[in-house]
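Notes follow the structure.
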């Protein structure tokens with residue numbers, strides 16, 4: 001499912017009185033809220049769905065697969081998603 005399909009699904013869930021634009025704003029608001037919280041370093045827990053959190057990756061040494069040359073990979077921040085119990089049971 002891509003973003004357009006998600007917006008369509010939200011619109012159907014909201015009913016006939018909701019327009020596509022309203023559904024798109026709702027999806028954008030949720031995504032923006034998750035982004036803002038993660039940017040502050042806070043985890044976002046959606047009970048029954050899962051948890052988004054920022055994890056710190058340490059600097060490490062990697063290997064260029066073409067040349068075999070060793071390269072240094074800088075430390076970075078990434079987002080990790082852990083599925084909740086309810087979501088796992090439905091898969």
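No lab work stands behind these numbers, since they all come straight from the coordinates. No experiment lies behind these values; they were computed from the predicted model shown. Reconstructed Cβ throughout: ideal geometry from the backbone, glycine too, with neighbour counts over all protein chains shown.
The convex hull defined by the C-alpha atoms of the range 1-42 has an orientation-averaged projected area of 3.2 nm².
Short-range pairs are left out: with C-alpha atoms under 8 Å and at least six residues apart, the relative contact order of the chain is 21 percent.
Mean residue ellipticity at 222 nm from the helices of the chain, using -39,500 (n - 2.57) per DSSP H segment of n ≥ 4 over the full residue count, to the nearest 500 deg cm²/dmol? After summing the helix terms and dividing by residue count, I get -13000 deg cm²/dmol. Compared with the dominant Cα axis of the chain, that is its longest principal axis, helix 3-14 is turned about 30°. Only residues of the range 34-63 count here: report those whose backbone N is under 18 Å from the spot 7 Å along Cα→Cβ of residue 74, or say none. Within reach of a label on residue 74, which here means backbone N under 18 Å from a point 7 Å along Cα→Cβ, the range 34-63 contributes 55-63. When DSSP beta bridges are restricted to pairs lying wholly in the chain, around 100% turn out antiparallel. Going through (1) 54, 24, 19; (2) 62, 31, 27; (3) 59, 30, 28, the figure that equals Cα extents along the principal axes in Å as computed for the structure here is (3). Would the range 43-91 count as rounded, prolate or oblate if I go by the C-alpha gyration tensor, calling it rounded below 1.5 in a/c and otherwise prolate when a/b exceeds b/c, oblate otherwise? Taking the square roots of the gyration eigenvalues as a ≥ b ≥ c, the range 43-91 is oblate.
Once you reduce the range 53-91 and the range 33-48 to the center of their Cα atoms, the two points are 18 Å from each other.
What FRET efficiency comes out for residue 86 versus residue 22 if R0 is 35 angstrom and r is the Cβ-Cβ distance? Round to the nearest 0.05. Calculated transfer efficiency: 0.80.
Annotation: extensible slack from residue 34 through residue 9 equals 7.1 nm (criterion: 0.36 nm per residue apart, minus Cα-Cα distance).
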